[in-house]
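**Q** My structure is below; once you've seen it, I'll send some questions.
The values are calculated or read from the model by the stated rules, or taken from the named source; none is laboratory data. Not measured: the values here are computed from a predicted model. Because the Cβ atoms are built from the backbone with ideal geometry, glycine has one as well, and the counts that use them run over all protein chains shown. Only protein heavy atoms, including side chains, enter the accessible area calculation; ligands, DNA and RNA are left aside. Shrake-Rupley method; radii C 1.70, N 1.55, O 1.52, S 1.80 Å.
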Amino acid sequence: MPQGTNAFFIPECDSTNTLAVEAGNKGKVVPSWFIAGKQNAGRGRRGRPWTSETGNLFCSYLFQPSAQLSNITPLPFIVALALRDTLIALGCHPEQVKCKWPNDVLVNEQKISGILIESSTAHAGNTGFIVIGIGVNLAHTPSGTQFIATSLTDILDKTLSPQTVFKKLAKNLAERLQSWTQDQMSLLVEEWSACAWGLGNRREIRTNDATFHARVMGLAPDGALKLKLDDGSSKQIYAGDVFK
Ligand code: BTN
């Protein structure tokens, strides 16, 4: 762990994100990782559950936003790229590992990990905090998911321990967070786009209030997904999911 960062291993809990948010709400925020062997109520994006069997990685990083991260727009893309770095370092072929908007990482067009970012702005007695929750399918491939899932064992044909993967991920994320400066947004958009899944293709888009098809055109500097609708008009969305 980088100096000044705590790491708490919890054999079993409901959700490492919930633990991290509770710690953040207590007041003084010390950068901390919460890593669980098993989650009983793992949370995904948009209120979905996250299947959390022993053998997969479940971890959440709590920290106080620095001046350069006061705007969290870049965060989902920074985290997805750190996760991609990690999967490649563990043996996945770079061509196989793609980033899917907003913050999924796919291997061979199947979802291997999920990222859930939660934040609290400064208020009385609290400086504000960010929680980055990351789940990586290592030994188990969840079934019945909205987007077809895979696991590292499926890909590499060997099973890596959550500890091994966590150590690499924590290091890669720390490096990417540390080197981030706001004026790099265009470089980040470029790097993310170079390994993005589905750019230029017509895909199914699901938002809170609609499901429709559109061509995925790319990432806007503010993190929105740029779409071209079938009637030729353009649209940007800030929340939602992209499907095949
Ligand atoms: C998604 O819907 O893709 C995001 C899933 C995020 C799951 C991780 S597992 C560790 C952390 N704890 C949670 O309850 N959720 C995140």
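**Q** Among (1) under 15 Å from the mean Cα position of the chain (by Cα); (2) open to solvent by less than 30 Å² (accessible area, probe 1.4 Å); (3) away from the ligand (no atom under 11 Å from the Cβ), there is one condition residue 103 misses while meeting the rest; what is its number?
**A** Residue 103 satisfies every listed condition except (3).
**Q** OK, next. Within segment 6-37, how many residues are open to solvent by 40 Å² or more (accessible area, probe 1.4 Å) and within 11 Å of the ligand (Cβ to nearest atom)?
**A** Number satisfying all stated conditions: 3.
**Q** Something else about it: Tell me the residue from 88, 72, 78 that is buried (at least 21 other Cβ atoms within 10 Å of the Cβ), more than 12 Å from the ligand (Cβ to nearest atom) and within 21 Å of residue 189 (Cβ to Cβ), please.
**A** 78
**Q** Which numbered condition in (1) in a strand (DSSP E or B); (2) in contact with a helix residue (DSSP H, G or I) (Cβ under 7 Å, 6 or more places away or on another chain) is the only one that residue 139 fails?
**A** Here residue 139 meets the rest and fails (1).
**Q** Here's a follow-up. Failed condition for residue 191, given (1) over 18 Å from the mean Cα position of the chain (by Cα); (2) open to solvent by 60 Å² or more (accessible area, probe 1.4 Å); (3) more than 26 Å from residue 9 (Cβ to Cβ), with all others met?
**A** (1)
**Q** Taking segment 91-100, which residues are farther than 21 Å from residue 205 by Cα and open to solvent by 10 Å² or more (accessible area, probe 1.4 Å)?
**A** Within segment 91-100, 91, 93, 94, 95, 96 qualify.
**Q** Please count how many residues of segment 197-240 are open to solvent by 50 Å² or more (accessible area, probe 1.4 Å) and either touching a strand residue (DSSP E or B) at 6+ places or on another chain (Cβ under 7 Å) or touching a residue at least 24 places away in the same chain (Cβ under 8 Å) (or both).
**A** Going through segment 197-240 one residue at a time, the tally reaches 18.
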